[in-house]
Amino acid sequence: MAIKGKSKSRGARSVSRGPKPVYVPVTTPWFRRRGFWIAVAVVLGVGAVGGLWYGFAKQAREDRERQTQQRQAAAMAEYQRPIETALAPVGQPLPPTGFQAFPDLAGALDPLEDGRRAEAAATTAEAVQEAAAAAADAIDGIDLGAIVEGKDLERLFVVYLFSSKDGMVEGLQLYRQAASLVALAATADQQDRPGLVSTARDVLELADRVFARGYADYVEAQVMAGTLRPLGPGAGLPTVPTGPTG
């Protein structure tokens, strides 16, 4: 028999479960990651290989340059011996790297303009003609082809050699012509002498310029060969021009 006034008991409410815990991995610092150290090892390995390659390449280049300069020094010595012998009667080196050719020839022209010392001028002119002709023939006879053939020399060095030879020979030939004009002026009458003296001066100035260009190329060849011996105390190397002057 049911007891009135009593209600049915309600079932207990179920408590909802909280979210499941999610695993959050711990982030490894970048400097402890394996991939980072692999990349570092690769970079260091490439750098080491590059450094070794650069070192070997630099050493090989320096060896080639040293061998080339040694060959050029040998070629320069072979060329320089007959040049110095030929130029000995022509004049004297002008410190630090120049050369003064036939200094007496210009001095012989001054008295001729005043009609004085014609005999001395003629003697000087005759001596210059002989010396210039002999020096020109001696330098022109140098076989540069045989000196440079098969020696694997720098192209610019070879150009300097040939340009110096041509320039000095042309300059010496012009000195010979100037001396010939001086000799003519020394024996000419007072009416014709001024014109001959003026022409002789012009040719002499041209000879100075042409010979100086050839001698400058001769000096530059010595610079490239490493054999230049500057003249005079404290003399330094000349300024290297942009190219051969011949």
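The values are calculated or read from the model by the stated rules, or taken from the named source; none is laboratory data. Please read these numbers as outputs of a predicted model, since none were measured by experiment. Note that each Cβ is placed from the backbone with ideal geometry, even for glycine, and that neighbours are counted across all protein chains shown.
Observations
- Among the conditions (1) of a type in the set (Val, Ile, Thr); (2) free of Cβ contacts under 8 Å to residues at least 24 places away in the same chain; (3) within 20 Å of residue 89 (Cα to Cα), residue 169 misses just one, which is (2).
- Matching residues in the stretch 188-229 - criterion: being touching a residue at least 12 places away in the same chain (Cβ under 8 Å), under 21 Å from residue 74 (Cα atoms) and either of a type in the set (D, E, K, R) or in a helix (DSSP H, G or I) (or both): 214, 215, 216, 217, 218, 219, 220, 221, 222, 223, 224, 225
- Residue check, residue 44 in a helix (DSSP H, G or I), over 38 Å from the mean Cα position of the chain (by Cα), closer than 30 Å to residue 209 by Cα and at pLDDT 65 or above: no
- Checklist (1) farther than 20 Å from residue 183 by Cα; (2) free of Cβ contacts under 8 Å to residues at least 40 places away in the same chain applied to residue 75, failing item: (2)
- Residue match in the stretch 2-9 (condition: in contact with an Asp or Glu (Cβ under 9 Å, 6 or more places away or on another chain) and either modelled with pLDDT under 85 or surrounded by 11 or more Cβ atoms within 10 Å (Cβ to Cβ) (or both)): no
- Residue 69 under 20 Å from residue 163 (Cα atoms), of a type in the set (S, T, N, Q) and either out of contact with any Leu (no Cβ under 7 Å at 6 or more places or on another chain) or at pLDDT below 80 (or both): yes
- Residue check for residue 175: under 18 Å from residue 77 (Cα atoms) and either of a type in the set (Lys, Arg) or modelled with pLDDT of 95 or more (or both): no
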